[in-house]
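What follows is a short report on a single structure.
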Amino acid sequence: MSENNAPKAKKSHPFAVGCLILCAVPLLLLTAALLLHSGVFRSNEDVPEYIRSARPRVEQRMSELERQILANAEGNYDPDTTISALFSMENALRKAENFEQMTEYIVQDSPEKVAPEIQLLKYRFFQLCRKQLSNRETEKELNSLYSTARSALLDFASSVDPVGFTYNRAQAQKVWEKHQAEAKMSAELRKRVERSQEEFVDFLFSFMTLSARYYREWEHLCAFRDRAYLAAWKGDPGEVIANASAAVKLAPDEKEAHILLAMALLERNGESDLALAESLLDDFLKKHPSSASGHLLRGVAKIRAKRSGEAATDFAQAAVYFPKQQEELSSRLGIYRKRAYLNKSMEGRIIVNAYRAMMSGSGYFSPDFQLARLLLESGRREEARRKIFDHFFRRRMQGEWDKVLDDFRFSWRFLNTELFRIDAGAAETLKLSIDSAFFTNSVILNVKNDGKEPLHNVTVLLCVRFTDMFKGDYISFPVGETLAALPPGRSVEIGRRGIGEVSERILGVKKKFKDIIEYAAVVISDETISWIESKKVGDILPDPPEETSVPAKESQRESTVEAFAEKVGKTVEKNVSGAVRKLWESSGKQQPPAEREP
């Protein structure tokens, strides 16, 4: 075929080309706008600064943790530290009101011994929420989404026993759909969230199953630690050592079992116990240098090693650190509430109360009591008395009053000295009455000074036993402000306090005024530390020492008290602060209060 006969190419008509261009340009602009709106081409400058700066750190940590999990390196974790981190995430969710505040928590490094899977949870949460941010103008919507995800997680964390519950994905989906339906979102955000629903449900399901798994491991640790606490209460150091050692082996970085183990070694005081206790405490304080309980026990160890001068420094340092532990105590008690069954048995309450004493510097763990013990050994009784006052004033400054009568119980049963006692003077000079406040669930406390001398700097702690509380159990709380002075002959309404908030914080349930079975009080002033008994105060006063552990002179003293009581026609059970005390005090001796049956 000749060139002339070849088919000619069709020429494009200029008008048609122009139409195509005119149609394509708007289409391209519309597509770009949609992509920009969806976030595909979102400028980095449009993203809030806190997200932009956090994202590289989050992605780096996620990559590291995922490699760790794939390499099966997650076995080197501490169950106690892991549960603390998981509970810390729950607390952060409760406190963070928006996604920016939550991000501040997320970018903080987790402790080294937290299981990688648990560390990964917070980073996954960040990425899940971040992806929903389309542009700067919709950050408000992001916070709406954050609020929905937060409430779904806390719904599970707050209302479900993480150990005794079986989970499946359908349950996670129901929880998510419930909170998504209740959330206030724009129609556009709701569509985006619905498209990402599977991711949110997957995350919620992971949170549930991982929580259950690690809480179960933690319960295994707690079983050994609980037995150690109960053995300490019974005064069996051998059993404490056996169970605390098992707990320490499971969780090398935890604190409670280490403290119990060191204390039991010191109290057993065998041939090699002191050296083991000192070694344990040295290692413990390297890991936890501001542990008040650790410093206190090191002071006890130095006393056992006849280095009392050095012990005083450790006790002083413990006194400095105990107020610092208040935040840790509150947080840890929150984890203990995961084990709600502890409040349903006397043994469970013993465990919780023993932990409170360890963390707040009560009873055995009072640096002031231990220093007073040292002073007594050298015959400096008046200085020892001042140290006892220091203990109660420190507790007042800390605001940690629950179980204050345990201080007296410990002092009498374990320190084995007449100096540690409840002063009976106020029982005869101060009159106590309580009443309910109209229209509010509050208690009103009235105190009258029938003595001849004024009291200064007066704080009154009400000690109350409510319904459903075991015999011998009670809660203590201050009522009203500290009084500058209470003159003789004066009666004053010292203040009022809401019962519901106090009982819910300590017992996990709101009680009312009508739920009070009995009450007593501890009065702390510059002149005296005293108790005021109620009609049935005997139920909450210290137990008498066990017969097997009381030295002969103490047993003789108790029998003598009963003999005096018979002479005045009363028994110890019916009169703690009256004639018996007067007879003893007139003879120049001091008798600690005995517990009475109601």
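The values are calculated or read from the model by the stated rules, or taken from the named source; none is laboratory data. As the structure is a computational prediction, the values presented were derived from the model and not from experiment. Here the Cβ positions follow ideal geometry from the backbone for every residue, glycine too, while neighbour counts run over all protein chains shown. To get the accessible areas, we keep the full protein, side chains included, count just its heavy atoms, and leave off ligands, DNA and RNA. Shrake-Rupley method; radii C 1.70, N 1.55, O 1.52, S 1.80 Å.
So, counting K/R as plus one and D/E as minus one, what does the shell of residues with Cβ under 12 Å around N457 add up to? Please list the in-between numbers first.
Details: positive: R396; negative: E481, D526, E527.
Neighbour charge sum, excluding N457 itself: -2.
Averaging sequence separations of C-alpha pairs under 8 Å and six or more residues apart, then dividing by the length of region 279-344, give the relative contact order as a whole percent. The partial results should precede the final answer.
Working: 45 pairs, mean separation 18.8, N = 66.
Here the relative contact order equals 28 percent.
Using amide H atoms built 1.01 Å from N in the peptide plane, name the residues 5+ places from S436, or on other chains, whose amide H lies under 5 Å from its own.
Amide H neighbours of S436: I444.
So if we plug the beta-carbon distance of K448 and K514 into 1/(1 + (r/R0)^6) with R0 = 30 Å, what FRET efficiency do we get, rounded to 0.05?
Values: r = 25 Å, r/R0 = 0.82.
According to the calculation, E is roughly 0.75.
Projected area of region 284-393, taken from the Cα convex hull and averaged over every viewing direction, in nm²? Walk me through the numbers on the way to the answer.
Values: hull surface 31.6 nm².
In nm², the orientation-averaged hull projection of region 284-393 is 7.9.
Tell me which residues come under 5 Å, amide H to amide H, from G495 once H is placed; ignore anything under 5 positions away on its chain.
L445
Taking the Cα centre of region 150-246 as the origin and placing charges on Cβ (Lys, Arg +1; Asp, Glu -1), which of P237, Q173, F205 is farthest toward the positive end of the dipole?
Among P237, Q173, F205, the one farthest towards the positive end of the dipole of region 150-246 is Q173.
Once the piece of chain linking V492 and S345 is laid out straight, how much longer is it, given 0.36 nm per residue of separation minus the C-alpha distance between them? Walk me through the intermediate numbers first.
Values: separation 147, 0.36 × 147 = 52.92 nm, distance 3.81 nm.
Extra length from V492 to S345 when fully extended: 49.1 nm.
Which whole-Hz ³J(HN,Hα) couplings does region 179-192 yield from phi under the Karplus relation 6.51 cos²θ - 1.76 cosθ + 1.60, θ = phi - 60°, glycine and proline marked x?
6, 5, 5, 7, 6, 8, 9, 5, 4, 5, 5, 4, 5, 4
In Å², and per residue, what accessible area does region 175-289 have when probed at 1.4 Å with the other protein chains present?
Result: 46 Å² of accessible area for each residue.
Report the label-to-label distance for S53 and T482 in nanometres (one decimal), using points 7 Å from each Cα along the Cα→Cβ vector.
About 4.1 nm separates the two model spin labels.
Using 7 Å Cα-to-Cβ label points, what is the A275/E501 separation (nm, one decimal)?
It works out to 5.5 nm between the two label points.
What does the charge count near G309 come to, summing +1 for each Lys or Arg and -1 for each Asp or Glu among other residues with Cβ under 13 Å from its Cβ? Please report the intermediate quantities before stating the final value.
On the way: positive: K302, K306, R307; negative: E310, D314, E377.
Once positives and negatives cancel, what remains is 0.
Size of region 233-331 along its principal axes in angstrom, Cα-based, largest extent first?
So the extents along the principal axes, rounded to whole Å, are 34, 31, 26.
Would you compute, for the Cα atoms of region 165-219, the largest minus smallest coordinate along each principal axis and list the three values in descending order, in whole Å?
The Cα atoms of region 165-219 stretch 44, 17, 17 Å along the principal axes, largest first.
Work out the length of the dipole vector of region 217-315 about its Cα centre, built from +1 on the beta-carbon of each Lys and Arg and -1 on the beta-carbon of each Asp and Glu, and round it to the nearest 20 debye. Each step should come with its number before you reach the end.
Working: 13 positive and 16 negative charges, 63 e Å.
Computed about the Cα centre, the dipole is about 300 debye.
Have a look at region 53-125 and give its Rg and Dmax from the Cα atoms, expressed in angstrom.
Spelled out, the Cα radius of gyration and Dmax of region 53-125 are 12.2, 37 Å.
Step through the table entries K178/K511; K255/K387; K249/K286, compare each Cα-Cα distance with 20 Å, and write down the pairs that go over it. Write down the numbers at each step before the final one.
Values: K178/K511 31 Å; K255/K387 27 Å; K249/K286 18 Å.
Violating the 20 Å Cα-Cα cut-off are K178/K511; K255/K387.
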